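Peer 1: Mind having a look at this structure? Questions to follow.
What follows is calculated from the coordinates using simple rules that are stated; it is not laboratory data. Since the model is a prediction, treat every value here as computed from it, not as a measurement. We place every Cβ from the backbone using ideal geometry, glycine too, and count neighbours over all the protein chains shown.
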Amino acid sequence: MTSSALFLLVAGLGLIGWLVARAKAQKLNTGRGALHSRPGHHGWHLALWIMVPALIGLVTWQSVSPGLIHQAVLADPTAASLPMMDMERNAVLSDAYALAANPNAAVFNPDAQKLVGAVQAAQSKFNLFGALITLLLAFAGGAFGYTRITAAFPARTHVERVVLGGLLLASLLAILTTGGIIASLLYETGLFFSKVSPTEFLFGLHWSPANGSFGAVPLFWGTIFIGAIIAMIVAIPLGLMSAIYLTQYASAQMRRVLKPLLEILAGIPTVVYGYFAALTVAPMIRDFASAIGMANPSTESALAAGLVMGIMIIPFVSSMADDSIAAVPQAMRDGSLAMGATRSETIKRVLIPAALPGIVAGVMLAISRAIGETMIVVMAAGAAARLSANPFDSMTTVTFQIVQLLTGDQEFDSPKTLSAFALGLVLFVVTLALNIIALRVVKRFREAYE
Amino acid sequence: MSKTGINWQSDETAKRLARRYAAERRFKALGLAAILVSLAFLAFLLVAMLAKGVGGIDLQFLTASDSTDPATAGVWAAVKGSLLTMGVTIALALPMGVLAAIYLEEFAPKNRWVDIVEVSINNLAAVPSIIFGLLGLAVFINTLNLPRSSPLVGGMTLALMTMPVIVIAGRNAIKAVPPSIRDAALAVGASRVQTVFHHVLPLALPGILTGAIIGMARALGETAPLLMIGMRAFVPAPPAGITDPSSVLPMQIFLWSDEVDRAFVQNTSAAIIVLLVFLLAMNGFAIYLRNKFETRW
């Protein structure tokens, strides 16, 4: 029996339990106040008693049974002829599993054919066993739950306690994800640093993983140059001025039309921006570079990637600036206007200085988003790791190299693959730091005006 | 009236005023120009994609799967892969996100643990998407040995990414339900769980769904984390289930954009149009939901 069929069976039993318990509780309901909990709660109580133990059993069985099947297959007489080396033996075994699941599967080891019978026998034996355990748990839980249906039994309290536990588990998933990210990055980075020294990685000037040199400074520079310099030169003036126009000058009607239009820029997938950068913007920049007398400019340039990335970030900068300008008290604006300042003077001399901490925090968040951006640089920035301040050069970034190192053929223990995780860790730490500092600045800034 | 020392009628003052007003007009024009430049870029992008791709969209393109020949290649396998992936994502992220939002907004005590949960949710929303791909690769593929390139792993990875978005939207929607609703339910004898599930949640649902759809739209356009878990394979037939190797729509765009054959430019642009239509439909639906069910208390 497959696990999904088993799952459906357990769910069906739960439904039956729900109906049975509700009917029984209904009969106990002799009048007002006779029952502690409503019949529906008794239904849920029994359903939980049927399903929770059975599903826990099912999941546990699913995680231990592959190991047991493995043991059983190895103990089979036909497995005696298998090679002793772990690697080869596992290759034959995984082929046998593939054949057992699908007789037409393409496999490399002819030996696997002999094992199919043993594998299928072990699988059907252990699957039957697992199904029996699951059903037994369902019936045992159900029987216990059924005996507890009495008029005075506080079924609601019990059910609600389970619900609260479920809510708590769901919110712990966020911690689990964060922990998972940190643990997996740290673990793989640790493996990497046991092969390559951290100083070489963080301060080395030469990046060429194929030849075993892992100096990541050119990648850091490329990331900063594209994400924090070129993109911000585009995004800050355009985003800030858009926010100022929308909040201070535009009529309510114009704002209603222009703001969503501007937000569309943030909703376009990055792969579309990347394609646009590679197909349209990069050739234009190359032609421009040769027009101003550069010798063989490359199609892939830091400028193309940074420019398009900057455009993508505009709505983000604009909405952050919008928020911080709106947080400046109206009295400051009114005071300035009452002194006879024009609106632009008020904006430049009063609003922007007052909103500056919020705007700076917004820019930091924008930078953290830009340096983590992947598809635009993968498609438009190029693979050459070089320390150059020429925006027409092709340049590579941290995210580009992660993609480069982890796609295609990979052995999991080589320093080449592991270095991608070290780069990921650097990226994670830097974006996290930018975010934490920015959020703290915003918080303090809000408090100052409250 | 005493003399103030300033002659408001003099030529000098008039000139100064004129200069200040000119600066005012220049500043306003600059603001408008910033918006227009951004929108011009948007229009340029959309027109360029439409011009290159609209000729490539026909029934054959929408129903065929990937192929090495640009003339017979289509997007159906990628669309189906995207639908399966999004199905897995929503099945995991929506319940988890909503339950977490309910807990944090309605039941969580004020203590250190809850603070840590809140901080990690806010930070997860800002972690670069490629990091989620690294997590998916290290945990789902290398540790749990789930099938590579499958919508199952893709959907799980994107669910981790989407969940914080849904939690944040859900908390705002739940916060917007006025306390009087809760007080009324509690006053007639409902328990706290009943109050939340029978009264607060139904009222907050449109807001939660709007947030969920926007989060899903972001996940639908996401490519980088899926590159990490190997969803860049050439997939000539649509996946039959969530454990089959599969491609997704943005990945198809990425793969075609890499082709040397110029004929794939039309395919890529056409696939981009298909993707943008999907996104437009989802965002439109979110806006419709918000306008239809939005309640001002």
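Peer 1: What are the equivalent ellipsoid semi-axes of the stretch B:1-83, built from the alpha-carbon gyration tensor (square roots of five times its eigenvalues), in whole angstrom, biggest first? Mind dumping the intermediate values first?
Peer 2: On the way: eigenvalues 839, 29, 10 Å².
Calculated on Cα positions only, the semi-axes equal 65, 12, 7 Å.
Peer 1: Compute the whole-percent fraction of alpha carbon pairs in the stretch B:61-293 spaced more than 32 Å apart.
Peer 2: Working: 7874 of 27028 pairs.
So the portion of pairs separated by more than 32 Å is 29 percent.
Peer 1: Continuing with this model, one more query. Determine, at each q value in 0.19, 0.22, 0.23 (inverse angstroms), the log₁₀ of I(q)/I(0) that the Debye formula gives when each Cα of the stretch B:40-143 is one equal point scatterer.
Peer 2: Once normalised to I(0) and log-transformed, intensities are -1.10, -1.18, -1.21.
Peer 1: Tell me the relative contact order for chain B as a rounded percent, counting alpha carbon contacts under 8 Å between residues six or more apart. Walk me through the numbers before you get to the answer.
Peer 2: Details: 375 pairs, mean separation 80.2, N = 297.
27 percent.
Peer 1: Compute the convex hull volume of the Cα atoms of the stretch A:203-448, divide it by the residue count, and report the result per residue in Å³ as a whole number. Write down the numbers at each step before the final one.
Peer 2: Details: hull volume 36.8 nm³, N = 246.
Cα convex hull per residue, to the nearest whole number: 149 Å³.
Peer 1: Given a Förster distance of 30 angstrom, what is the FRET efficiency for B:ASP115 paired with B:ALA190, based on the Cβ-Cβ distance and rounded to 0.05?
Peer 2: 0.55
Peer 1: Follow-up. From the phi angles alone, apply the Karplus equation (6.51, -1.76, 1.60; θ = phi - 60°) to the stretch A:425-440 and give each ³J(HN,Hα) in whole Hz, x where the residue is Gly or Pro.
Peer 2: Taking θ as phi minus 60°, the curve returns 5, 4, 4, 4, 5, 5, 5, 4, 4, 4, 5, 5, 4, 4, 5, 5 Hz for the stretch A:425-440.
Peer 1: Amide H to amide H, which residues 5 or more places from A:PHE214 or on other chains are under 5 Å from it, using H placed in the peptide plane?
Peer 2: Counting only residues 5 or more places away or on other chains, the set is A:SER208.
Peer 1: Let me know the Rg and Dmax you get for the stretch A:3-153 when you use only its Cα atoms, in Å.
Peer 2: 22.8, 75
Peer 1: Taking every residue in B:23-30, how many Cβ atoms of other protein chains lie within 10 Å of its Cβ, on average?
Peer 2: Working: counts 4, 6, 2, 1, 11, 7, 2, 5.
Whole-number average of other-chain Cβ neighbours for B:23-30 is 5.
Peer 1: Where q = 0.14, 0.16, 0.19, 0.25 Å⁻¹, what log10 of I(q)/I(0) comes from the Debye formula for the stretch B:11-56, counting one point per Cα?
Peer 2: -0.54, -0.60, -0.68, -0.83
Peer 1: How far is it, in nm, from the label point at B:TYR21 to the one at B:ASP261 when both lie 7 Å from their Cα along the line to the Cβ?
Peer 2: With each label point 7 Å from Cα toward Cβ, the separation is 6.6 nm.
Peer 1: Which far-off residues, 5 or more places away or on another chain, put their amide H under 5 Å from the one on B:ALA233, with H placed in the peptide plane?
Peer 2: none
Peer 1: Using only the alpha-carbon atoms, how far is helix A:86-101 inclined from the longest principal axis of chain A? Give it as 0 to 90 degrees, nearest 10.
Peer 2: 70
Peer 1: Still on this structure, please answer the following. Counting only other chains, and only Cβ atoms inside 10 Å, what mean value do you get across the residues of B:95-103?
Peer 2: Values: counts 2, 5, 4, 2, 8, 8, 3, 6, 8.
Counting other chains' Cβ atoms within 10 Å and averaging over B:95-103 gives 5.
Peer 1: Diagonalise the Cα gyration tensor of the stretch B:249-297 and give the resulting equivalent ellipsoid semi-axes, square root of 5 times each eigenvalue, largest first, whole Å.
Peer 2: Details: eigenvalues 265, 13, 5 Å².
So the three semi-axes of the stretch B:249-297 are 36, 8, 5 Å.
Peer 1: Across the Cα atoms of the stretch A:149-274, what radius of gyration and what greatest pairwise Cα-Cα distance (Dmax) are found, in Å?
Peer 2: 26.2, 77
Peer 1: Find the Rg to Rh ratio for the stretch B:185-297, where Rh is the Kirkwood radius over alpha-carbon pairs and Rg uses the same atoms.
Peer 2: Values: Rg = 20.7 Å, Rh = 17.4 Å.
We get a ratio of 1.19 for the stretch B:185-297.
Peer 1: What spacing in nm lies between the two simple spin-label points modelled at A:LEU387 and A:LEU15, each 7 Å away from Cα in the Cβ direction?
Peer 2: Placing both labels 7 Å along Cα→Cβ, they lie 6.8 nm apart.
Peer 1: How long are the semi-axes of the ellipsoid equivalent to the stretch A:295-344, from square roots of 5 times the Cα gyration tensor eigenvalues, in whole Å, largest first?
Peer 2: Working: eigenvalues 335, 40, 5 Å².
So the three semi-axes of the stretch A:295-344 are 41, 14, 5 Å.
Peer 1: Per residue of B:132-144, what is the mean number of Cβ atoms on other protein chains within 10 angstrom of that residue's Cβ?
Peer 2: Details: counts 3, 5, 13, 10, 2, 9, 10, 5, 1, 1, 3, 2, 1.
Shielding by partners across B:132-144 averages 5.
Peer 1: OK, next. Check each of the trypsin sites (Lys or Arg not before Pro) in the stretch A:19-77 and keep only those in coil by DSSP with at most 11 other C-beta atoms within 10 angstrom; list them in order. Working shown, then result.
Peer 2: On the way: sites: A:ARG22, A:LYS24, A:LYS27, A:ARG32; in loops: A:ARG32.
Listed in order of number, the matching sites are A:ARG32.
Peer 1: Taking every Cα atom in chain A, find the radius of gyration and the maximum pairwise distance Dmax, and write them in Å.
Peer 2: 31.7, 98
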